[in-house]
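Values quoted throughout were computed directly from the atomic coordinates according to the rules given, and no laboratory measurement underlies them. Predicted model, so just to flag it, every value in this text is computed and none were measured. Glycine gets a Cβ as well: all are built from the backbone with ideal geometry, and neighbour counts include every protein chain shown.
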Amino acid sequence: MTYENTKQNPVAKRVTIKVDCVFASPALIGSGYGENTDNDIICDSEGNPFLPGSTIAGVLSSLCPGAAALFGSNDRISPLWVFDSKIDGEIIELDGVALDRENKVALDQKKYDYEAVATGATFTIRLLLTIRQDDKDKVLEGLLKELINVLGSGYVAVGAKTKRGFGRIHCNEIFEREFDLSPENTDIHDILVKWIDFDWRAEEGWKPAKVEPYESNMQTLVAELKLEGSIMIRDNRNIYEGLSQGEKEPDYKHISISGTPVILGTSWAGALRSGLYRLLKTKYADAAEKYLDSIFGVVTEGGAEAVVSSVTFGASTLELTDPETKTEGYRSITRVKIDRFTGGAADGALFTEKPWYGGKTTLEIRYPMDREDIRELLVLALEAIDMGLIQIGGESAIGRGFFKVLTINNSPLQEYTNKPKYNLIAVIKEAGDIA
């Protein structure tokens, strides 16, 4: 659009949207650099993390394809401005490791670490829609409403590993403010003054935006689980969180974020995929692996080929079943390796760890609405967890990581297991991977 065209098609209205947000899970907004970890968070010149406007725009356009007209094209500049968002929150360091699918053993040279914005960090999304005289204002405003509905839905996630529950955004409040700059407006002078003096931080002039239900193409499966015994997913970087005064630092501790014990979506996805593969490998190893890759996603060595995961795993928080309990929560355990020949303690093999004992948690998994086979597969995996065939985390050989499934979508597990068993082999056959 040339300057002359702009003069012939002046601005008729500006609509501003302000969304107060909080990260409901850690966010991996990588900078592409690895000075502190293998993947550092993007920060401004003062070292403060921020969310680029291009990232927000990309996510919104992918979740709301019908609003493509808002984001411009080759022959039309975008009428919607999406600003960078300063993040007020803590930067934490996490680590991960790739495990062998069958034996849950760490793969060689597959250990990595990364920075993340901690759960609970706050920020404000700011949108500015410019409507010109020749634009169909009702159409553009309707598309903007669609974006507002998407933002308020809880389906928005930004950054890396969003299919594993990272970067989920929860919107606390959404506000809007309009400036009618059309020549027909008799108060045009006052509106121009207000626009010139406009400040995003000002409290006056805003009104709550109306948020309508967002129709997603995803289904949600929510499972409530009870931990039988203890769980240990090693946290090598935040072992000092939650220690009482004078307490000795453990060598290993179950992972926590800002002092809250968690099970990240990466752990859930890895455990379910590995467990299902072990159950299916005996007779249908190649076909089962191909089918599971199509659902859980896969990246080949060197990234030559990649399949996006069809399922999204949320991060889970471990909670006490009773606030007054003395048997649940973090507990320090001192262990020692015994020499198998002498029966005595092995030299230098004494260590202290801090697993989490008991309690409950909620697992949320999203999958495409038209994929009934995935729902059946997930129910089978939950049944395997309940039977003790799939464990979460490490040290399962000494009884850690066993859960009982209480409910699936508020219904007892028995309502699923009392029905004829889902035939997973038949599901794979229907997918065309087995003759």
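Basic side chains Lys and Arg get +1 at the Cβ, acidic Asp and Glu get -1 at the Cβ, and with that the dipole of the chain about its Cα centre reaches some 1260 debye. The order of the peptides 73-83, 307-317 by mean Cβ neighbours within 10 Å, most packed first, is 307-317, 73-83. Taking Lys and Arg as +1 and Asp and Glu as -1, the other residues whose beta-carbon sits under 15 Å from that of residue 359 total +1. With the alpha-carbon atoms as the only input, what is the per residue convex hull volume for the stretch 29-143 in Å³? With only Cα atoms used, the stretch 29-143 gives 176 Å³ per residue. Stretched out straight at 0.36 nm per residue, the stretch from residue 196 to residue 178 would grow longer than its current Cα-Cα span by 5.2 nm. Taking the charge dipole of the stretch 218-430 about its Cα centre, with +1 at Lys and Arg Cβ atoms and -1 at Asp and Glu Cβ atoms, the residue from 334, 356, 377 reaching farthest to the positive side is 334. When Rg and the Kirkwood Rh are both derived from Cα coordinates, the Rg/Rh ratio for the stretch 11-208 amounts to 1.07.
If you take the beta carbon distance between residue 48 and residue 352 as r and set R0 to 51 Å, what does 1/(1 + (r/R0)^6) give as a FRET efficiency, to the nearest 0.05?
Efficiency computed from Cβ-Cβ geometry: 0.90.
In percent, rounded to a whole number, the relative contact order of the stretch 218-430 is 33, using alpha-carbon pairs under 8 Å and six or more apart. Compared with the dominant principal axis of the Cα atoms in the chain, helix 372-386 is inclined by about 40°. Between residue 185 and residue 203, the distance separating the two model label sites (each 7 Å from Cα on the Cα→Cβ line) works out to 2.5 nm. For the peptides 391-404, 53-66, residues were scored by their other Cβ atoms within 10 Å and the scores averaged per peptide; the highest-first order is 391-404, 53-66. Charging the Cβ of each Asp and Glu at -1 and of each Lys and Arg at +1, and nothing else, the dipole of the stretch 119-248 about its Cα centre rounds to 1000 debye. Using only the Cα atoms of the stretch 218-430, each taken as one equal point scatterer with no solvent, compute I(q) by the Debye sum, divide by I(0), and report log10 of the ratio at q = 0.12, 0.15 Å⁻¹. Debye output, listed in q order: -0.72, -1.03. Could you give the angle, 0 to 90 degrees to the nearest 10, between helix 137-151's Cα long axis and the longest principal axis of the Cα atoms of the chain? In the chain, helix 137-151 runs at an angle near 20 degrees to the longest axis.
With contacts defined as alpha carbon pairs under 8 Å and 6 or more residues apart, what's the relative contact order of the chain in percent?
Numbers: 832 pairs, mean separation 75.4, N = 435.
Once divided by the residue count of the chain, the mean separation gives 17 percent.
Charge tally for residue 270 (other residues, Cβ to Cβ under 11 Å; Lys, Arg +1; Asp, Glu -1): +3. Top mean-square fluctuation among 151, 389, 51, Gaussian network model of the chain, C-alpha springs under 10 Å? The residue that fluctuates most here is 389. Quick one: of the DSSP bridges fully inside the chain, what percent are antiparallel, nearest 5? DSSP beta bridges in the chain are roughly 95 percent antiparallel. Full extension of the chain segment joining residue 282 with residue 111 gains 58.7 nm, where the gain is 0.36 nm per residue of separation less the Cα-Cα distance.
Using the average count of surrounding beta-carbon atoms within 10 Å as a protection proxy, the listed peptides 39-47, 169-177, 111-119 rank, highest first, as 111-119, 169-177, 39-47. Net charge dipole, the stretch 11-208: roughly 740 debye, given to the nearest 20, about the Cα centre with Cβ charges of +1 for Lys and Arg and -1 for Asp and Glu. The ratio of the alpha-carbon radius of gyration of the chain to the globular-protein estimate 2.2 N^0.38 Å is 1.16. The H on the amide N of residue 359, modeled in the peptide plane, is under 5 Å from the matching H of 227, 321, each at least 5 residues off or on a different chain.
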